Structures are given as structure tokens and as C-alpha cells.
1. Which condition number does residue 168 fail, the rest of (1) within 21 Å of residue 37 (Cβ to Cβ); (2) at pLDDT 95 or above; (3) buried (at least 17 other Cβ atoms within 10 Å of the Cβ) being met?
2. Output the helices (runs of 4 or more DSSP H) that fall wholly within the range 168-263 and possess 3 or more residues being under 13 Å from the mean Cα position of the chain (by Cα), or say none.
3. In the range 48-62, which residue that is in contact with a strand residue (DSSP E or B) (Cβ under 9 Å, 6 or more places away or on another chain) and surrounded by fewer than 23 Cβ atoms within 10 Å (Cβ to Cβ) is farthest from residue 181 (Cα to Cα)?
4. What about residue 247, is it surrounded by fewer than 20 Cβ atoms within 10 Å (Cβ to Cβ) and under 30 Å from residue 76 (Cβ atoms)?
5. Checking the conditions here, which among 213, 257 is closer than 30 Å to residue 335 by Cα and free of Cβ contacts under 8 Å to residues at least 24 places away in the same chain?
6. In the range 72-100, which residues are under 16 Å from the mean Cα position of the chain (by Cα) and either part of a loop (DSSP other than H, G, I, E, B) or loosely packed, with under 15 Cβ neighbours inside 10 Å (or both)?
7. Quick one: which residue in 148, 136, 140 is surrounded by fewer than 22 Cβ atoms within 10 Å (Cβ to Cβ), closer than 30 Å to residue 211 by Cα, modelled with pLDDT of 95 or more and within 23 Å of the chain's Cα centre (by Cα)?
8. Being surrounded by fewer than 16 Cβ atoms within 10 Å (Cβ to Cβ), free of Cβ contacts under 8 Å to residues at least 40 places away in the same chain, more than 26 Å from residue 71 (Cβ to Cβ) and in contact with a strand residue (DSSP E or B) (Cβ under 7 Å, 6 or more places away or on another chain): is that true of residue 289 here?
């Protein structure tokens, strides 16, 4: 029996549910039919249990200006209900946290990687000084449920009563609900009864990888900087004042030449396995990068994200963990000063 405070999802008791691998062992990899689940996310609507995400709430009248000064995103004057992404960087510009967040008019709600909620809350709390802000780690009380697909808004309406006034983050064709833990099962049941398909992390991760969206900790390391990961514009605003790590962002933007670049790897479909995360990406027998997330996409087949040296030719073909792989450029080698960067935010 699952208690409300447990991070192991009660939705893992649904028929056909199989637990995912780390760091998502508390939620389902799939519910028995991962390919059909992936198609539902792209063509209709599906719900994805991401209840293992860390959830942090920041309240108080100084919250937006304060978070604006600590993160890579322009948050001053953020309109209530507008979802965005932000990074917390160290002083050298390396990634510490990736956040998805929304302000509800009285507080900012953010979710981050599994297990990182307490660390994020502790960091923010240490930076409060005399400002009128309050930070709370609500990872044990809130669960993230994601709706994806073209029919997601109709699906959301079907579960409105069960969801209540839970914060909603709308990103492109995905909608995140930050539900009270006790509402997770009722909302999932209401969605399923309305014809919305349960989909596990296998399908969700395949969709994320195909959309060129890196995930902190899985696709990054201690040296990762925003330009390498393609986060400039979506999570990094280039027209704002100082924040930790801003000098590195500005230098790479002005001079170009980040050390590495993110690529989408199209893997040989005849291989019966996916490459291990952290496996070397090899070109002519020498390591030129490292593999990140990998999944089987219902249309593209096996795909992965990887970080390779900036100087690697864009048409090079690789071997990853013994598996042949072609590359699709996500971050151009000349990103920064020699590339035209269009400032963009994930659409609300």
C-alpha cells in the first residue's frame, strides 16, 4: 500500500505497469504497449506519470525579482499563468538545476529532476537574505502529471473537477499539472475514463529525445554549459542583467566556440539493445563524445542524445557502445558569435 508521502507512484499498481529505470524507478516505463503509448502522445492525447519530479514553491512579494537575479530566465513581471524554463548555474556557467516554472499570482511553482527538489529548495533558501520570499520543498506533497498531444486541452477539461486548482504549466503541446498527491489517482482515472491513454516514461522520453530536448543529469555532466545544450533562448534569456554564470553565457555568445555540441543520434535499428548512458561516442576508433538518454521512438526507431566535440564534422558517423549511429545536428558548431540566434521561449 502506498502512502501519500511515498515517492513510489500508486499508478504503478495499474494493470500492465512496469517500473522505469533510474532515475525514474518510482514511475512507470510503460503500461504494456509502449509503441501505442507513443503514438497516442503524438496523435491524440496521453497522460504521463512524472510524479517523481521535485516540486518547489516560492512565495512572497519579492519572488519574481529575486528569482530573476538567481536564474538565467527573465522573470521580472512574469504574467500569472505563463510557463517558462530557467537554469540555475554556478559561477563558472555550469548547470546546477533546470526548472520548469509558472507563477500563479501569489507564488512561483517549479519542478525539477527527481531527487533534486530538496537541494534546490536548500540552495534558494540560502540566498534569501532580507528579501520577502519563502521557499518550500513540496516534493512529498505534489505530483507532476503531464498531458501531451493535440487533444490534451479537451482531456484536461475532462479532469478539471478532480484536478481542482492545481498549478498548470503549458509548454507547446504538453501540459504539466502539479497535483496534490492525493489527487493523482483520481485525475488519472478521470482522464482514462475520458479516453486519454496512459503512457509511460519510455514513450515520453522517446518523444523528448526526438524533439531535441535535453534532460538535466541524463544528458548533461558537471561541465555542461547552456550553449552546448541548446538552451539559449528557451531557458536562457540573453537580454537581462547579471546572474550567476552570466559571464560564461555572454562570453560564448560573443565569441562562439563552445567546447561541445548536442546531437541527435539515429541508432542502427538492427541492434537489440540501446547504448548505455555515459557510453563513449567513437569516430574511427577514438572517443569524441558521450551518449546521454536513449529510447525507441515509435516512428524514428532507436534514438539518443549525445554530446560531441565541437570540431567533429557534422556529417560524421559514429559507433556508440558498439552500435552504428548517424548524427542530426541540434547545436551547430558555430553557435554563438558566428551563428544567428533567434531568441525564443517555449510557447505557452
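The values are calculated or read from the model by the stated rules, or taken from the named source; none is laboratory data. Computed from a prediction, not measured in an experiment: that's the story for all the values here. Heads up, the Cβs are rebuilt from the backbone with ideal geometry, glycines too, and the neighbour counts pull from every protein chain shown.
1. The failed condition is (1).
2. Per the criteria, 201-210.
3. 60
4. Spelling it out, residue 247 is indeed surrounded by fewer than 20 Cβ atoms within 10 Å (Cβ to Cβ) and under 30 Å from residue 76 (Cβ atoms).
5. It is 213.
6. 72, 73, 83
7. Exactly one residue qualifies, and that residue is 140.
8. Criteria not met by residue 289.
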